[in-house]
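Below is one structure, written out as structure tokens; the observations come after it.
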Amino acid sequence: MKKGLIAGLILMASGSAWADWQLDNDYSRVSFASVKKNKIGEAHHFTQVKGSLSDSGKLTIEIPLASVETGIPIRNERMQKMLFETKMFPQADITAKVDAKLLKLHNGESKIVTVQADVGLHGVNQLVNVEVMVTRVSAKKLLVASLKPIIINPADYGLKKGVLKLMAAAKLPGITQSVPVSFVLTFNDK
């Protein structure tokens, strides 16, 4: 009986460690755009996003790069193999520290903040400032959305060779070297 009581107390005391907000992949999206031939814009996204937000404000996001969705299967494969090189670099990792007070917003309340995120992609990490709107949708749901696109330069992440390979494979005269990325992330309080 004492062991059961002690185990229960330990579980209650450690409950905050399990109280992380979990990212809901079904209601989250990370998107990016590209321009080919200097005039044809195309929107793409990743079908899988994983992550959590701790009660102390530690944000972690993982994007499995093999989940890239361009609307064209052969282009998906080329991006996986030639650009992202998913066998060596299977995911992008983003970490950030957000003000824990944002987790205590009232239902329906929003706040705009700038967060410095550490973006790890293709073996390279860069610090990026991201302007986001955090909205408390309900007691158990938090929405975090980019207010403006984050501009990623492929060369900054060692992806320039991959872009050139994509251009050659698709016989394109050019693909933009600045890639706007936007996101909407939904977190559920477990």
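The values are calculated or read from the model by the stated rules, or taken from the named source; none is laboratory data. Quantities reported herein were computed from a predicted structural model and do not represent experimental measurements. Cβ placement follows ideal geometry from the backbone for every residue including glycine, while neighbour counts extend to all protein chains displayed.
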Would you point out the residue of the stretch 141-190, among those that are within 17 Å of Gly57 (Cα to Cα) and modelled with pLDDT under 95, that is farthest from the chain's Cα centre (by Cα)? Lys190
Starting from the stretch 20-45, take each residue that is more than 24 Å from Gln177 (Cβ to Cβ) and list its partners that are assigned to a helix (DSSP H, G or I) and aliphatic (A, V, I, L, M), counting only C-beta distances under 9 angstrom and pairs at least six apart or across chains. Trp21/Leu103
Between a first residue in the stretch 56-69 that is farther than 18 Å from Phe187 by Cβ and hydroxyl-bearing (Ser, Thr, Tyr) and a second residue that is part of a strand (DSSP E or B) and at pLDDT 95 or above, which pairs have beta carbons less than 9 Å apart while being 6 or more apart in sequence or on different chains? Ser67/His45; Ser67/Phe46
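Yes or no: Ser182 more than 21 Å from Glu85 (Cβ to Cβ), out of contact with any His (no Cβ under 6 Å at 6 or more places or on another chain) and of a type in the set (Ser, Thr, Tyr)?
yes
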Mind listing whichever residues of the stretch 136-169 are in a helix (DSSP H, G or I) and within 13 Å of Val181 (Cβ to Cβ)? Pro154, Asp156, Tyr157
One residue from Lys87, Lys58 being within 21 Å of Gln22 (Cβ to Cβ) and either touching an Asp or Glu at 6+ places or on another chain (Cβ under 7 Å) or modelled with pLDDT of 95 or more (or both): Lys58
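Would a scan of the stretch 72-79 turn up a residue that is in contact with a helix residue (DSSP H, G or I) (Cβ under 6 Å, 6 or more places away or on another chain), closer than 28 Å to Asp189 by Cβ and modelled with pLDDT of 95 or more?
No, that holds for no residue.
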Can you spot a residue in the stretch 77-93 that is aromatic (Phe, Trp, Tyr), assigned to a helix (DSSP H, G or I) and surrounded by 16 or more Cβ atoms within 10 Å (Cβ to Cβ)? yes
Do you know which of the residues in the stretch 50-76 that are among the polar types (S, T, N, Q) and not in a strand (DSSP E or B) is nearest to Lys160 (Cα to Cα)? Asn76
At pLDDT 95 or above, out of contact with any Asp or Glu (no Cβ under 7 Å at 6 or more places or on another chain) and crowded, with 17+ Cβ neighbours inside 10 Å - does that describe any residue in the stretch 100-112? no
Is it the case that the stretch 31-47 has a residue that's crowded, with 17+ Cβ neighbours inside 10 Å and part of a helix (DSSP H, G or I)? no
